[in-house]
Amino acid sequence: MRNIDRFENVIGQVHEMSANHFDETLPLGDMQFHSLTRMSIAGKDVQILPSAQRLFANRLRVPHSYLVRCPGDLQAENLNHWLRQEQERRDTLFCRFDGDSLRAVFTDRYCALDHMQVLTMMLEHGFNPETEVHYSLDQEILILRVPDFTRMFGFGERDKIVPGISFSNSECGVLAFSIEAYMYRIICQNGLIAKTSVASRFKHISSKAMDEFPHILSRVVHESEHSQRRFEISTQTRVDNPLSTIASFNRRFLLTKREAEVVQQAWEEEPGATMFNVINAYTRAAQDKTLTSEEAYRLERIGGLILSLVKA
């Protein structure tokens with residue numbers, strides 16, 4: 001769910017959430033599962049958080065959907081068997097903890113990029129601590145959008161859109177670090193992640209994102225101007241059957257049944273027969289409180305991908 005606050009307050013929240021975080025590279029031989037949710041590491045009992053459960057399932061090639069349906073003893077039997085197989089490939093895993101809870105596991109190739117590093121870089125490049133930001137923050141992801149009201153444009157007297165920048169990051173493998181263009185529609189508080197040509201999504205395997213931070217930032221701001229023109233054209237582009245068009249995009253972007261239902265409901269709440277209305281269905285759907293932060297972010301990105309298809 002998107003929240004609105006001052007940048008400095010979000011920094012405070014992230015700092016507090018990170019208070020008990022630490023990392024260790026640990027031998028696989030010291031690990032033993034008791035179930036999908038509990039394990040021992042060097043004799044110490046550890047809770048396995050959902051993010052680490054999924055990462056372990058992927059790493060050990062045991063379908064997570066299968067494991068969650070098994071009783072605890074069968075979960076442990078499967079995981080310990082494949083953990084022994086994994087020891088033939090590597091000796092250690094890079095483990096991320098929150099106190100006594102394991103929140104993520106990676107190979108030694110992983111390059112940690114924490115939320116506080118991103119926020120510190122933003123401060124170093126001129127983001128005002130007192131500025132208004134829109135954000136989603138939970139144990140798995142941070143999505144931080146910074147609208148720039150000095151660049152606001154609109155259609156008619158009431159419908160105004162504010163360009164800005166979106167930063168997204170995960171410390172436990174859910175998202176790559178991204179710097180993207182953000183569009184905020186004030187009248188309904190919808191947000192859209194606009195597509196740009198600059199490479200702005202970075203896997204956590206190098207420090208390239210931090211090295212290129214200022215260059216990417218300036219390019220994204222510059223290229224976001226193209227989205228303004230596309231918005232204007234989208235309001236003039238008629239769509240004969242909006243729900244059929246939405247269904248086609250749902251298939252193209254592999255929406256789940258639940259996500260498709262939320263998008264259709266969003267269109268029905270603000271119907272219309274233009275590409276702007278189709279795009280708005282996805283960005284409006286992203287506000288649905290039943291969606292996770294990751295699902296909402298994906299719908300905002302899909303809205304931006306559809307906008308990029310509008311011929312400027």
Given (1) more than 30 Å from THR120 (Cβ to Cβ); (2) part of a strand (DSSP E or B); (3) aliphatic (A, V, I, L, M), index of the condition ALA76 fails: (2)
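Can you tell me which of HIS222, HIS226 is modelled with pLDDT under 85, assigned to a helix (DSSP H, G or I) and exposed (fewer than 13 other Cβ atoms within 10 Å of the Cβ)?
HIS222
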If THR196 passes every condition in (1) surrounded by 21 or more Cβ atoms within 10 Å (Cβ to Cβ); (2) at pLDDT 80 or above; (3) assigned to a loop (DSSP other than H, G, I, E, B) but one, which one does it miss? (2)
Wholly within segment 91-168, which strands (runs of 3 or more DSSP E) include no fewer than the required count, namely at least 2 residues that are not assigned by TED's automatic domain parsing to the domain that holds LYS203? 92-98, 101-106
Given the residues ARG258, ARG284, which is the only one that is touching a strand residue (DSSP E or B) at 6+ places or on another chain (Cβ under 9 Å), charged (D, E, K, R) and either closer than 23 Å to SER51 by Cα or buried (at least 23 other Cβ atoms within 10 Å of the Cβ) (or both)? ARG284
In segment 168-196, what residues are β-branched (Val, Ile, Thr) and over 10 Å from the mean Cα position of the chain (by Cα)? ILE179, ILE186, ILE187, ILE193, THR196
Restricting the search to segment 258-277, which residues are under 17 Å from GLY154 (Cβ atoms) and acidic (Asp, Glu)? GLU270
Of all residues in segment 49-67, which are closer than 13 Å to ARG38 by Cα and in a loop (DSSP other than H, G, I, E, B)? LEU49
Spot the failing condition for ASN277; the list is (1) touching an Asp or Glu at 6+ places or on another chain (Cβ under 8 Å); (2) among the polar types (S, T, N, Q); (3) surrounded by fewer than 23 Cβ atoms within 10 Å (Cβ to Cβ); (4) touching a residue at least 60 places away in the same chain (Cβ under 8 Å), and only one is missed. (4)
Members of segment 103-113 found to be closer than 17 Å to VAL14 by Cβ and modelled with pLDDT of 95 or more, listed by number: ARG103, ALA104
Can you work out which of the residues in segment 199-219 that are surrounded by fewer than 16 Cβ atoms within 10 Å (Cβ to Cβ) and among the basic types (Lys, Arg) is modelled with the lowest pLDDT? ARG201
Taking the options ALA176, ALA104, ALA209, ALA112, name whichever one is in contact with a Phe, Trp or Tyr (Cβ under 7 Å, 6 or more places away or on another chain), aliphatic (A, V, I, L, M) and within 30 Å of LEU36 (Cβ to Cβ). ALA176
Conditions: (1) free of Cβ contacts under 8 Å to residues at least 60 places away in the same chain; (2) surrounded by fewer than 16 Cβ atoms within 10 Å (Cβ to Cβ); (3) part of a strand (DSSP E or B); (4) not aromatic (Phe, Trp, Tyr). VAL46 meets all but one. Number of the miss? (2)
Meets criteria (out of contact with any Leu (no Cβ under 9 Å at 6 or more places or on another chain), more than 30 Å from GLY12 (Cβ to Cβ), surrounded by 15 or more Cβ atoms within 10 Å (Cβ to Cβ) and not hydroxyl-bearing (Ser, Thr, Tyr)) for ASN58: no
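The values are calculated or read from the model by the stated rules, or taken from the named source; none is laboratory data. The structure presented is a predicted model; accordingly, all values stated were derived computationally and were not measured. With ideal geometry, Cβ positions are generated from the backbone for all residues, glycine too; neighbour counts draw on all protein chains shown.
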